[in-house]
Amino acid sequence: MIELLRETELFSGLAEPLLRSIADECVTNAYPSGTILFRENEVGTLLYFVVSGSIKIFTTNANGESKILSIITRGDCFGELSLLDGKPRSATAQVIEDTKLISLSAKSFNQLLKNNHEITLGIIKQLSARLRETNQQVQDLTYLNSKQRVMKNLLQLAGTHGRRNAKTIHVRLSLNYDELSQMAGVTKPLLFQVFHELQEKQILSFVEKEFILDLSRLKV
């Protein structure tokens with residue numbers, strides 16, 4: 001458990017005695033693909049850390065339309081916002097592939113913040129980064145056209161989750177076309193149109209659950 005905690009960004013710089021005390025408060029569980037961990041507007045009771053797998057964080061409007069806010073993968077944590085302000089969950093968290101998580105109760109989490117300046121600072125940095133990401137999403141929806149949003153979304157996924165191999169980047173994520181269109185804020189037909197254009201130019205290709213971007217052709 002200690003080694004798993006050390007791999008998370010939030011706890012990576014902590015001394016082993018403190019990690020050991022945190023580990024004593026944590027629980028590890030496995031979740032199959034499709035599991036809803038919590039829903040928007042529910043009371044928050046747990047903070048989660050991803051050991052393996054991936055989670056999508058999304059909101060849903062009154063018409064049932066969803067917008068994916070972020071994809072959480074190994075080493076990331078999520079669910080801290082409602083533990084900090086005591087308000088309901090601001091989004092829904094769903095497992096998108098078989099996933100192993102560490103969870104920490106709200107009581108233990110808040111006690112850690114009171115006693116450890118490093119963890120409090122880490123949470124502030126994480127929330128600031130997410131606020132900047134949200135602001136950027138708003139700007140993208142305002143200033144970028146649909147095709148630009150799809151391309152930017154692919155590049156962001158490649159930068160965050162990709163594996164570089166010479167002139168290509170390979171991204172393995174269990175996202176379907178609905179989820180990819182939600183992330184970019186476009187309709188699925190338009191997503192297919194952009195994908196088709198990129199495939200014709202040999203910039204984008206798909207192999208099983210992986211998409212590949214050819215950077216050499218992207219620059220042309």
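Structural remarks
- Taking segment 170-187 and a reference point 7 angstrom along Cα→Cβ of Leu141, the backbone N atoms nearer than 15 Å belong to 181-187.
- Residues of the chain: accessible area per residue with a 1.4 Å probe, Å²: 56 Å²
- GNM flexibility winner over the chain from Asn63, Asn145, Asn135 (Cα, springs under 10 Å): Asn63
- Peptides 147-153, 120-126, 161-167 ranked from most to least packed, by the mean per-residue count of other Cβ atoms within 10 Å: 147-153, 120-126, 161-167.
- In nm, spacing of pseudo-spin labels at Gln199 and Ser52 (7 Å Cα→C-beta vector): 3.1 nm
- Here the calculated FRET efficiency for Ala30 and Glu208, from their Cβ-Cβ distance with R0 = 25 Å, stands at 0.65, rounded to the nearest 0.05.
- Lysines whose Cα lies under 30 Å from that of Lys87, excluding same-chain neighbours fewer than 8 positions away: Lys56, Lys67, Lys100, Lys107, Lys114, Lys125
- Amide H contacts under 5 Å for Asp98: Ser33, restricted to partners 5 or more places along the chain or on a different chain, H placed in the peptide plane at 1.01 Å from N.
- Overall, the accessible surface of segment 1-142 at a probe of 1.4 angstrom is composed of carbon and sulfur to the extent of 51 percent.
- Rounded to 0.05, the FRET efficiency of the Ile2 and Thr59 pair, given R0 = 45 Å and the Cβ-Cβ distance, is 0.85.
- Put a dot 7 Å past the Cα of Ser12, heading toward its Cβ, do the same for Leu215, and the two dots end up 2.0 nm apart.
- Rounded to whole numbers, the Karplus 3J(HN,Hα) couplings from phi for segment 149-162 are 5, 4, 5, 5, 5, 4, 5, 5, 4, 5, x, 8, 10, x Hz, using 6.51 cos²θ - 1.76 cosθ + 1.60 with θ = phi - 60°, and x at Gly and Pro.
- For segment 115-220, the Kirkwood hydrodynamic radius from C-alpha pairs, put into Stokes-Einstein at 25 °C and a viscosity of 0.890 mPa s, yields a diffusion coefficient of 160 µm² per second.
- Between Gln148 and Thr187, the distance separating the two model label sites (each 7 Å from Cα on the Cα→Cβ line) works out to 2.1 nm.
- Here the gap between Glu42 and Ser90, fully extended at 0.36 nm per residue and compared with their Cα-Cα distance, gives a gain of 16.4 nm.
- GNM top mover of Lys114, Lys56, Lys188 - the chain, alpha-carbon springs below 10 Å: Lys114
- Lysine pairs within segment 145-217, Cα separation less than 17 Å, 8 or more sequence positions apart or different chains: 5
- As a ratio to 2.2 N^0.38 Å, the alpha-carbon radius of gyration for the chain is 1.09.
- Extension gain, Arg132-Asn115: 0.36 nm per intervening residue step, less the Cα-Cα distance, totals 3.4 nm.
- Computed helical MRE - 222 nm, the chain, DSSP H runs ≥ 4 contributing -39500 (n - 2.57), nearest 500: -13000 deg cm²/dmol
The values are calculated or read from the model by the stated rules, or taken from the named source; none is laboratory data. What you see is a predicted model; the values in this text were computed from it and never measured. Don't worry about glycine lacking a Cβ; one is built from the backbone with ideal geometry, like all the others, and counts go over all protein chains shown. For accessibility, only protein heavy atoms count, side chains too; no ligands or nucleic acids. Shrake-Rupley method; radii C 1.70, N 1.55, O 1.52, S 1.80 Å.
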